[in-house]
Amino acid sequence: MANLKEIRNRITSVSSTMQITSAMKMVSAAKLKRAQDAITAMRPYADKLTDLLQSLSATLDADAGSKFADQRVVNKVLLVSITSNRGLAGAFNSNIIKETNRLIKEEYAGKEVSILAIGKKSNDAFNKSNRVIANRSEIYDDLTFDNVAEIAQFLMDSFTQNQSDKIVLVYNKFKNAATQEIMTEQFLPIVPMEKDEDIQLDYIFEPSKIEIVEQLIPKSLKTQLYKAIRDSFASEHGARMTAMHKATDNATELRDELKLTYNKARQASITNEILEIVGGAEALNN
């Protein structure tokens, strides 16, 4: 059995760790509330914008397609791997890295695959393979629509200039604090909605549908990327809060076990001292 000093040191160490994880849990909970409110507020707008764009596109003639809907033979693929800058969030980052590796090795095997890393964890994971063409981890320092729009413009330019034939977003979609869903979402080319002759739109268009679609597409793409990063940002804090909650519970359990072990060891030590005293007294009497 370990001596009392070693057990006391372990109890102190575990208690300190428990205080840290508990504080991190509370910080993540506060950040999660703001991040959750942000993604919840923008989802209806983003979904409605996408629905409107797809509905409009489905009513246009085939020769009125956008340059962002150019369906090509896929040789060059750009994966946008969205992780966080920090760890201690359970499997949040590793799940995205695993999914990105799966896409490289299975779905896009034999293709020229490059990566745009959003988050230091993604950049660190793929930088050694020389696949990372850009690292935009600084976006989390000031996560605004305008800053994300610059990244979206970079992706649109990459596609229109034939540097990429297909662009795919890989990120965690926020469902609740304990659940994140891994998303593999095509960014470009735009996925065309199947044309339906029965589509009826209760809108009066001014200017023409084609002009509206041409203006809506860049805005829709920027919104799509912003929503993905916002989803990932909320998922990160949810995952970290859950991980720190579990870590705090485990530390509490371990501390209680160590205290029990300490009390048993202390009791055994006192019992041995009493036995030694009694044995010494009997020896003197004899």
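A few remarks follow.
- Count - residues of the stretch 173-199 that are closer than 26 Å to Gln71 by Cα and either among the aromatic types (Phe, Trp, Tyr) or at pLDDT below 85 (or both): 11
- Residue among Ala91, Ala109 that alone is more than 25 Å from Met244 (Cβ to Cβ) and surrounded by fewer than 19 Cβ atoms within 10 Å (Cβ to Cβ): Ala109
- Residue check, Asn85 outside any loop (DSSP other than H, G, I, E, B) and more than 25 Å from Ile190 (Cα to Cα): no
The values are calculated or read from the model by the stated rules, or taken from the named source; none is laboratory data. Quantities reported herein were computed from a predicted structural model and do not represent experimental measurements. Counting neighbours? That spans all protein chains shown, and the Cβs are built from the backbone with ideal geometry, glycine included.
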